[in-house]
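No lab work stands behind these numbers, since they all come straight from the coordinates. None of the values given here were measured: they were computed from a predicted structure. FYI the Cβ positions are ideal-geometry reconstructions off the backbone, even for glycines, and counts take in every protein chain you see.
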Amino acid sequence: MIYDHLKNIDTYRSLGPGFDKGIDFILDNHTKALEPGRYEIDGSVYARVNVYETKEPEEAFIEAHHEYIDFQFMLEGIEDVVWAPLHKLEATESEPEKDLYKYCGNGERYPLEAGYFMILFPTDAHMPSLTRHGAKQTNKKLILKIKVNSSLLK
């Protein structure tokens, strides 16, 4: 997992061409009023803009993805994201057609607020969108999905 601020985003271009194209998309759009939905960047990278209400851990699950790297950039709001190394968790369910794999176990909570991002690799399990300090709120997040074979994990 990588956790950082927008001011340092160019540091991660070297991770591969998918990162370079995704970072360009973030820099070109992070101050615009992007509508929720899917944005095609190229064949190996796309973005989703989600608007949602944060939730309690009991309403969520720990997940990981095998085919895509998640690059989660918070546009508006704040939430907690639980992170854990995949090898410390127990697999529970899988939906390979959605590139969604669910796990149980424990992890560490990290705040994700506007201007910050997390890069979550296939070895990084995560539970995003959690209420911070018990106060539910509406967030807006841009999530880049970078195909693994287009990145450093070829």
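Of PHE25, PHE71, PHE61, the sequence from fewest to most neighbouring Cβ atoms within 10 angstrom is PHE61, PHE25, PHE71. Residues considered: LEU130, LEU144, LEU34. Largest GNM mean-square fluctuation over the chain, using C-alpha springs under 10 Å, is found at LEU34. With a threshold of 18 Å on the Cα-Cα distance, the over-threshold entries among LYS88/LYS140; LYS98/LYS147; LYS32/LYS140 are LYS88/LYS140. For LEU27 and ARG109, the FRET efficiency from 1/(1 + (r/R0)^6), where r spans their Cβ atoms and R0 equals 35 Å, is about 0.80.
If you wrap the Cα atoms of segment 2-150 in a convex hull and average its projected area over all directions, you get 8.5 nm². Each of ILE2, PHE25, THR92 was placed along the dipole of the chain (beta-carbon charges, centred on the mean Cα), and the one lying farthest toward the positive end is PHE25.
About its Cα centre, the dipole of the chain is roughly 280 debye, where the only charges are +1 on Lys and Arg Cβ and -1 on Asp and Glu Cβ. Note: relative contact order over segment 2-150, using C-alpha pairs below 8 Å and six or more positions apart, is 36 percent.
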